[in-house]
Amino acid sequence: MTGRKRHIFAFGGGKGGIGKSFLSANIAASISQMGYRTGLIDLDLGGANQHTFFGIDRPHKTIDDFIEHRTRNFSDILIDVPGYDIMLGAGIQNDLKATNFNAGQKARLFSAIKSLDFDYIIIDIGAGMSISTLDTFNIAPNGVLITYPEPTALENCYKFLKSAFLRELRGKVKEKELKELVDNIYDGKIIIPAGIKIVDYFNSVYSELAGTAIAVMNHHNYYFILNNASEEDMELLEHIPYAIRRFYGFGIIPLGALANDEKIRESIRKMRPYIEIFPDSPTTQKIREIASNIVNISESLCYD
Ligand SMILES: Nc1ncnc2c1ncn2[C@@H]1O[C@H](COP(=O)(O)OP(=O)(O)OP(=O)(O)O)[C@@H](O)[C@H]1O
Ligand SMILES: [Mg+2]
């Protein structure tokens with residue numbers, strides 16, 4: 001292991017089809033073109049498609065080979081992405097087994113990813129809020145939340161953040177009683193009154209939990225990308241992180257917003273990164289801006 005500083009970013013958001021994979025592929029491509037060694041890990045196990053974004057038809061090695069112990073080292077399943085300084089940890093499609101991996105397999109996989117030797121590690125997360133999806137999102141110190149501007153997507157986005165937070169908090173709490181309490185909030189059996197931040201709620205009712213909750217929050221940096229936004233929606237880029245900070249207490253940094261762009265579909269059909277085939281489009285400019293924001297923020301942060 002070298003002394004390389006690794007920056008791990010997970011791209012999630014709860015809802016399906018909101019651009020998580022498209023954005024993680026193109027942002028990874030953009031970061032690699034800025035001169036950083038980049039690892040792109042497809043953790044949408046069961047619905048993996050990162051290889052397709054780069055024109056790799058059938059990856060000959062996949063994360064499943066590591067999970068199923070067919071390879072010993074995670075680095076052995078990484079494949080070179082042609083034309084980019086990116087190593088891809090590809091997933092496979094339609095393998096339901098992979099989505100239900102057990103705790104031991106999960107721990108081995110996550111620890112292998114966290115010790116990969118890249119400048120930037122970009123993780124594409126699947127849709128939904130299953131335990132495995134939340135756990136994969138939580139392995140990254142940097143969580144990027146992506147949403148469309150529709151109220152349903154926004155709702156899912158906040159719910160996803162809250163669920164990921166509660167899932168991690170539950171793992172940090174030792175006492176059975178407190179675990180049950182976190183479970184009850186997670187399941188909606190206990191509703192935190194509107195307008196009260198989670199940590200303030202713990203402080204007033206179960207103060208033992210407040211310190212752990214703050215430690216969990218401080219363990220992550222959260223970011224926000226608004227996708228498929230019209231001109232009128234653009235103000236949501238600042239407004240949503242503000243509202244989530246103000247009402248729920250999670251600090252979130254806006255990274256940028258993308259407009260609706262039919263050429264995105266075309267790039268996916270052609271199985272090439274969008275930034276490569278439409279280098280001069282406003283969407284490419286936005287993607288590059290978001291990638292620069294990620295790099296600039298990472299360089300200014302100090303974390304282990
Ligand atoms: N800004 C946009 N304008 C137009 N189409 C878009 C935009 N962003 C994404 N799309 C389209 O949305 C579709 C889904 O994108 P993508 O696969 O990246 O979503 P996802 O969140 O990863 O989905 P899943 O949850 O299934 O993994 C793609 O076909 C893409 O063309
Ligand atoms: Mg996806």
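Listing for the model above:
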quantity: Those residues of segment 26-48 which are out of contact with any strand residue (DSSP E or B) (no Cβ under 7 Å at 6 or more places or on another chain) and either within 8 Å of ligand 1 (Cβ to nearest atom) or among the basic types (Lys, Arg) (or both), in sequence order; calculated: Arg37
quantity: Residue count, segment 181-200 (criterion: part of a helix (DSSP H, G or I) and under 16 Å from Arg245 (Cβ atoms)); calculated: 3
quantity: Complete set of residues in segment 173-194 that are of a type in the set (Gly, Ala, Ser) and either over 26 Å from the mean Cα position of the chain (by Cα) or outside the structural domain of Lys159 (by TED's automatic domain parsing) (or both); calculated: Ala194
quantity: Meets criteria (free of Cβ contacts under 8 Å to residues at least 40 places away in the same chain, within 16 Å of ligand 1 (Cβ to nearest atom) and either among the charged types (D, E, K, R) or out of contact with any strand residue (DSSP E or B) (no Cβ under 8 Å at 6 or more places or on another chain) (or both)) for Leu166; calculated: no
quantity: Every residue from segment 106-139 that is within 16 Å of ligand 1 (Cβ to nearest atom) and within 25 Å of Asp187 (Cβ to Cβ); calculated: Ile125, Gly126, Ala127, Gly128, Met129, Ser130, Ser132, Thr133, Leu134, Thr136, Phe137
quantity: Within segment 1-18, considering residues that are within 8 Å of ligand 1 (Cβ to nearest atom) and surrounded by fewer than 21 Cβ atoms within 10 Å (Cβ to Cβ), the one nearest to Gln285 (Cα to Cα); calculated: Gly17
quantity: Failed condition for Glu175, given (1) exposed (fewer than 12 other Cβ atoms within 10 Å of the Cβ); (2) out of contact with any Asp or Glu (no Cβ under 9 Å at 6 or more places or on another chain); calculated: (2)
quantity: Pairs where the first residue, in segment 15-44, is farther than 15 Å from Ile290 by Cα and among the acidic types (Asp, Glu) and the second is within 7 Å of ligand 1 (Cβ to nearest atom) and assigned to a loop (DSSP other than H, G, I, E, B), C-beta under 7 Å, 6+ apart; calculated: Asp44/Gly126
quantity: Any hit, segment 74-85, residues being within 22 Å of Gly12 (Cβ to Cβ) and within 16 Å of ligand 2 (Cβ to nearest atom); calculated: no
quantity: Single residue of Lys286, Lys270, Lys263 found to be farther than 19 Å from Ala153 by Cα, charged (D, E, K, R) and under 20 Å from the mean Cα position of the chain (by Cα); calculated: Lys286
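The values are calculated or read from the model by the stated rules, or taken from the named source; none is laboratory data. What you see is a predicted model, and the numbers here were worked out from it, not measured in a lab. Glycine also receives a Cβ, built like all others from the backbone with ideal geometry; neighbour counts cover every protein chain displayed.
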